[in-house]
Amino acid sequence: NPQIIRVQSPDGVKRITATKRETVATFLKKVAKEFGFRNNGFSVYTNRNRTGEITASQNKSLNLLKIKHGDMLFLYPSSPAGPSSETMDTSVSQGLRPVGAPQVVEDEIDQYLIKQDGKIYRNRDQQLCRHGPLGKCVHCVPLEPFDEDYLNHLEPPVKHMSFHAYIRKLTGGADKGKFVALENISCKIKSGCEGHPPWPEGICTKCQPSAITLNRQKYRHVDNIMFENHTIADRFLDFWRKTGNQHLGYLYGRYTEHKDIPLGIRAEVAAIYEPPQIGTQNSLEILEDPKAEVVDEIAAKLGLRKVGWIFTDLVSEDTRKGTVRYSRNKDTYYLSAEECITAGNFQNQQPNICRLSPDGHFGSKFVTVVATGGPDNQVHFEGYQVSNQCMALVRDECLLPCRDAPELGYAKESSSEQYVPDVFYKDIDKFGNEITQLARPLPVEYLIIDITTTFPKDPVYTFSISQNPFAIENRDVLGETQDFHSLATYLSQNTSSVFLDVVSDFHLLLFLVTNEVMPLRDSISLLLEAVRTKNEELAQTWKKSEQWATIEQLCSTVGVQISGLQEYGAMGGSTHAASAAMWACQHCTFMNQPGTDHCEMCSLPRT
């Protein structure tokens, strides 16, 4: 009599018709034909854990293997040549991509956290647990990483679960997240609707974007921000200390695991790049940066990436005590609407790659840090992100700041040029009832997610620290310029005899790549690899190159008396070698050929 054998694969369950006396080889050929495999492209097991493999045999029948009507067998592809390269792992960590989602490569930290267990293990409670040491009960069973009661009882309490804990919550059902899709919010009219004239003449329910009700986001993409050491922040604050003007910079670092929160992510800051800008005591204007692409490229070769931005909002209160005004609090605002819009714009530029989104990205790991006065009137660093809802409103140009109230935003109204969906938020009226308000205006606290910002007990140094560090870029207003004179001064004052320590300075490396006299963009890869891996031998190899010898010659022409030149190779040559090098005119900075006494450009004598 014919019997039905069920075979489960990553693509689903199929039923194969067979007989008791049918050979195993014949049965496996039917399985291969049904699933579209070649003969050797898969393996079939009697157990889900890949034990009891059924091998092709002309001498054995299904009855001999005790395979009977209604049994379930398990098929696993043995190579990507099959119809699916997914493995049939039932663990939550594997998570299936939603239908139609593009294949994307997630960040390294995301790939690492996907493979982690993430559960919160608890010890046996001596008072409540009534079982033996090997048993488990409700008082000691491991908790899921998204357990809100556990997060609320941490010190300090955690209001937002980590993003990967949120994913575990979504994929924790019986389907293991097979149908989970993280949809990005859209505030624009869907294109391609042909049943009516385009906006503003017509609109329908198919192309009209849904109204948005702002809710507190339950998760955050980054759970902690950590500066590697105090020197990074102090050098950034020096600009405000010397000028009184506000300042802005981009944070470069890496994403690592934050072990204080289940499946948490930490943004570690290794350096701050300061772009061209105009700052006053109460405003900041970011200018176009022609070097932005090069900076990102150099940072990537150093193992770093742009993880956020930082700006100051500091007003001195008592110069004798060194205190600053405490201006950002619950009675005023934490981030202004304009700052939220700027943060949302930056986050849209740096999307978070996500396999569960049909678009291939969802949210952002880009963080915002504000250096401002704290309750003790000292400088505090406060970290934030804006919600995914805010990112969508900013991306589709639906959110505006209020001129007279920095704590309020304003949802735009629809016009003939743009349709804007209704935006609502929930509030409590004077009678204690929950009411829904139109977001005109909108309190921006509905858009903000706070992130703890810390400094480690044991400082970490990706780059070396010098008592006389190299000048920071774009600080001409302070009289601090990056040129070969400042480079020669830096080399003359650096007391380290290790060449790797001398060149392990983020701002120095950027100058070597971006200077207009002799840019080293195409020949500095070996030095960047030496700094990234802290390999002194590689650094010494690069030091012997023609590029460094030319840099030394350029430094020798600026008139700085440098001691210990023998430590840096060609700069330790004789006076004749220095005079034989190209020299820069002190008046017009033109590089002149060796042996000339007057500048070829301005005709002024060499000084």
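The values are calculated or read from the model by the stated rules, or taken from the named source; none is laboratory data. Bear in mind that the values here come from a model prediction, so they are computed numbers and not experimental data. Counting neighbours? That spans all protein chains shown, and the Cβs are built from the backbone with ideal geometry, glycine included. Heavy atoms of the whole protein, side chains included, go into the accessibility calculation; ligands, DNA and RNA do not. Shrake-Rupley method; radii C 1.70, N 1.55, O 1.52, S 1.80 Å.
Partner lysines whose Cα lies under 19 Å from the Cα of residue 119, excluding those fewer than 8 positions away in the same chain, are identified as 136, 159, 169, 176, 218, 259. Antiparallel beta bridges, as assigned by DSSP with both residues in the chain, represent about 75 percent of the total such bridges.
Relative to the longest principal axis of the Cα atoms of the chain, helix 230-243 runs at roughly 50 degrees. One quarter of the surface of the convex hull around the alpha-carbon atoms of the chain equals 44.2 nm², the direction-averaged projected area.
Counting Lys and Arg as +1 and Asp and Glu as -1 over every other residue whose Cβ lies under 11 Å from the Cβ of residue 108, the net charge comes to -2. If you plug the beta carbon distance of residue 294 and residue 107 into 1/(1 + (r/R0)^6) with R0 = 22 Å, you get a FRET efficiency near 0.45. Under the combined filter of DSSP loop state and at most 14 neighbouring Cβ atoms within 10 Å, the stretch 444-473 retains these chymotrypsin sites (Phe, Trp or Tyr not before Pro): 461. Using Cβ point charges alone (K and R +1, D and E -1), the dipole size of the chain about the Cα centre works out to roughly 3880 debye. Rounded to 0.05, the FRET efficiency of the residue 128 and residue 596 pair, given R0 = 60 Å and the Cβ-Cβ distance, is 0.10. The residues of the stretch 2-77 expose, per residue, 61 Å² of accessible area to a 1.4 Å probe. Between amide H atoms placed 1.01 Å from N, distances below 5 Å from residue 317 occur with 323, 324, 325, all of them 5 or more places distant or on a separate chain.
Here the stretch 476-558 is treated as an ellipsoid with the same Cα gyration tensor; its semi-axes, largest first and in whole Å, are 20, 14, 13. Compute the helix-to-body angle for 546-556: its Cα long axis versus the longest principal axis of the chain, expressed 0 to 90° and rounded to tens. Orientation of helix 546-556: about 30 degrees from the principal axis.
With a Förster radius of 30 Å applied to the beta-carbon distance between residue 532 and residue 257, the computed FRET efficiency rounds to 0.90.
Say a paramagnetic label sat at a point 7 Å from the Cα of residue 325, along Cα to Cβ; which residues of the stretch 227-269 have their backbone N under 15 Å from it? From the stretch 227-269, the list is 244-246. Helix 484-493 and the longest principal axis of the C-alpha atoms of the chain enclose an angle of approximately 90°. Counting 0.36 nm for each residue step from residue 588 to residue 607 and taking away their Cα separation leaves a gain of 5.6 nm.
Residues whose amide H comes within less than 5 Å of that of residue 73, counting only those at least five positions distant or on another chain, are 6, 7, 8 (H built at 1.01 Å from N in the peptide plane). Please give the residues of the stretch 466-493, grouped as numeric ranges, whose backbone N is less than 18 Å from a label point set 7 Å along the Cα-to-Cβ vector of residue 278. Those under the cut-off are 474-478.
Straight Cα distances below 24 angstrom link residue 206 to the lysines 188, 190, 412, with same-chain residues fewer than 8 positions distant left out.
For residue 328, nonlocal amide neighbours, meaning residues 5 or more places apart or on other chains whose placed amide H falls under 5 Å from its own, are 373. Seen from residue 384, the other residues with C-beta closer than 9 Å to its C-beta sum to a net charge of -3, counting Lys and Arg as +1 and Asp and Glu as -1.
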